[in-house]
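A.B. asks: Input: one structure, supplied below.
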Amino acid sequence: MKHRLLQIPLLRSATLLTLVNIVNTGLAMLSGLYVARQLDTQQYGHYAYMANVFLLMILFLGFGLSSQISKDAAEHDGQHLARFQERLGSLIALRLGTALLAAVCGGLLWSVSRESVYLYAGGSAALFVWVDFVTALFSGLQRIRRVAILMIVQPLSFILLLLAIPIRQEATVYTIFLSSQIVSAAMACALVIKLPKLQPWPRFAQIRHLRWSDMVAGQVYIIVLLQTAYSAYGVTVLGALKQYDAAGELSIALTVVRMLPLLFGSLITVLYYPRLCAIHTQGEHQRFQRAAYVVYHSSTVIAAGCAALLVIYPDVVINVLYTSRHAAATPVLGIIALMSLFSIVDQILTWTLVASDRASAALPPLLVRLGLVLLTLPLAALVDRALLPQIVALAYIGSSFVGWIVQLRASSVIGVVRAIGFTTVVVGLGCVIGLAVRFVIPWPALPYGDESSLVVAALCYGMLGVYGLWKRWHAAHGLLGEEA
């Protein structure tokens, strides 16, 4: 039977989800920038610490249930409805139980530390994992509009509440964040109730009948866990050491370098990965290799150009996005800027390995990268506290580089030597263009100085990127198109 993903118009669903993800990412960026402008660096560090505790909770307590319900719903063909209803009910019961565990963990941490940040993080995590589960259910059922609604309701309600309520301290932001999660969870409940045929009610008695050998979320869940825990670990450790100024500076730099990977993420998971799976299923190995190679090159051109801009213009980017109040984050951003490139490459190579049924090959590079940070960050506590965020940033960029090399060696579908050489040339060319625009070409007639040169440099990269993507589109269209 043909996969249900291929039974709907690919372009329509992918376009809708991509647009929603772009709007969602934009709202998240705007809300983050707004909060940073309202709080000083130490207060923002407290908020960043809460956000990272929340992130770690949803990662460790997710258990891959969202991936499992999405797979089960996509494979349901309308037959054996009673069996699917029992499976769905048992998974809903298991999800609710593990969501309650997040709230309990938050309460226990609060009872030990007496810091309210853990209560807010635990409650928000409990609500989020439920919404994520319902979103995955609708995704498997191909209810794309409902998926879009659940993706956008939380960030939209969050930013509306931020604009409506004056912010004078970080506790206000905690309350607003929890309130937006409550709104999102209520919407999820309202939408899932509208599936009476599937009887989406919790069946706690059926949990013991689940066959754990059929739960296939394992390796992909571990991959996502390692990827996200890697970026959250640094801020969490700095916050735990009470170095909130350093945590705020690192969080601001990481937020900037994540902007492009967040926008690329939907294109990779919605467009690239499903089509690559279809090609692999048909056994077209040569076509699979060419598609992976083309997408890697196309994405690297854009990502390397943006990373070079961040290396050369960190002060301008911080001033434009966060104002001069957070100028202390400038050296951290200058060090960590290339992570913008490595993050996109990591997504492409990881999903390429997963699509080729080699998910286990994606684990060693991620473990190496995380292990290097785990070994380096404790040593950072021994250095001068003024240099702490820069030391942590160096640990991140060094581990990202080593992880990239290991990951390329694991990805045999992309030539290792050619990929390394191509990426090095693109990064070098990007730095030359950026330096020429900023330091060689004079700008006496432009009123905004380096801000104007940043715009001109970005336009240069934009023209090069558009030309490169136009050339690559003709190659990729036949590889990832509908006829696959």
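The values are calculated or read from the model by the stated rules, or taken from the named source; none is laboratory data. The structure displayed is predicted, hence computed values, not measured ones. Virtual Cβ from ideal backbone geometry, glycine too; neighbours counted across all protein chains shown. Ligands, DNA and RNA are excluded from the accessible area calculation, which covers all protein heavy atoms including side chains. Shrake-Rupley method; radii C 1.70, N 1.55, O 1.52, S 1.80 Å.
A.B. asks: List the residue pairs whose Cβ atoms are under 6 Å apart, where the first residue sits in the range 88-115 and is among the basic types (Lys, Arg), the second is open to solvent by less than 20 Å² (accessible area, probe 1.4 Å), and the two are 6 or more positions apart or on different chains.
C.D. replies: Taking only residues 6 or more apart or on different chains, the pairs are ARG95/LEU65; ARG95/PHE133.
A.B. asks: Do you know which residues across the range 83-124 are β-branched (Val, Ile, Thr) and either within 27 Å of the chain's Cα centre (by Cα) or at pLDDT below 85 (or both)?
C.D. replies: Listed by number, the residues that qualify are ILE92, THR98, VAL104, VAL117.
A.B. asks: Now for a different question. If I filter the range 38-51 down to residues being assigned to a helix (DSSP H, G or I) and more than 16 Å from PHE158 (Cα to Cα), which single residue comes out as most open to solvent (accessible area, probe 1.4 Å)?
C.D. replies: Residue satisfying both the conditions and the ranking: GLN42.
A.B. asks: Of the conditions (1) open to solvent by 20 Å² or more (accessible area, probe 1.4 Å); (2) of a type outside the set (A, V, I, L, M); (3) at pLDDT below 80, ASP245 fails just one. Which one is it?
C.D. replies: Failed condition: (3).
A.B. asks: Please work out which one of (1) crowded, with 20+ Cβ neighbours inside 10 Å; (2) closer than 28 Å to THR15 by Cβ is the condition SER70 fails and give its number.
C.D. replies: (1)
A.B. asks: Of the conditions (1) more than 20 Å from the chain's Cα centre (by Cα); (2) closer than 22 Å to THR228 by Cβ; (3) surrounded by 22 or more Cβ atoms within 10 Å (Cβ to Cβ); (4) not hydrophobic (A, V, I, L, M, F, W, C), THR376 satisfies every one except a single condition; which number is it?
C.D. replies: Of the numbered conditions (1) more than 20 Å from the chain's Cα centre (by Cα); (2) closer than 22 Å to THR228 by Cβ; (3) surrounded by 22 or more Cβ atoms within 10 Å (Cβ to Cβ); (4) not hydrophobic (A, V, I, L, M, F, W, C), the odd one out for THR376 is (3).
A.B. asks: Taking the criterion of being open to solvent by less than 30 Å² (accessible area, probe 1.4 Å), assigned to a helix (DSSP H, G or I) and within 30 Å of ARG358 (Cβ to Cβ), would at least one residue in the range 309-327 satisfy it?
C.D. replies: There is no residue in the range 309-327 that is open to solvent by less than 30 Å² (accessible area, probe 1.4 Å), assigned to a helix (DSSP H, G or I) and within 30 Å of ARG358 (Cβ to Cβ).
A.B. asks: May I ask you to list pairs of residues, at least six apart or on different chains, whose Cβ atoms are under 7 Å apart, with the first in the range 52-63 being assigned to a loop (DSSP other than H, G, I, E, B) and the second being open to solvent by less than 30 Å² (accessible area, probe 1.4 Å)?
C.D. replies: LEU61/THR98; LEU61/ALA102; LEU61/ALA125; LEU61/VAL129; GLY62/VAL129; PHE63/THR98
A.B. asks: Something else about it: How many residues does the range 229-248 contain that are outside any helix (DSSP H, G or I) and either small (Gly, Ala, Ser) or in contact with a Pro (Cβ under 9 Å, 6 or more places away or on another chain) (or both)?
C.D. replies: 1
A.B. asks: Continuing with the same structure: Only one of SER298, SER231, SER251 is of a type in the set (Ser, Thr, Tyr) and modelled with pLDDT of 80 or more; which?
C.D. replies: Being of a type in the set (Ser, Thr, Tyr) and modelled with pLDDT of 80 or more holds for just one of SER298, SER231, SER251, which is SER251.
A.B. asks: Name the pairs whose Cβ atoms lie under 6 Å apart, with the first residue in the range 266-293 and closer than 14 Å to LEU349 by Cβ and open to solvent by 30 Å² or more (accessible area, probe 1.4 Å), the second among the hydrophobic types (A, V, I, L, M, F, W, C) and at pLDDT 70 or above, and 6 or more positions between them or separate chains?
C.D. replies: TYR273/TRP351; TYR273/ALA355
A.B. asks: Quickly run through the range 280-337 and pick out the residues that are among the polar types (S, T, N, Q) and under 21 Å from the mean Cα position of the chain (by Cα).
C.D. replies: Matches in the range 280-337: SER298, SER299, THR300.
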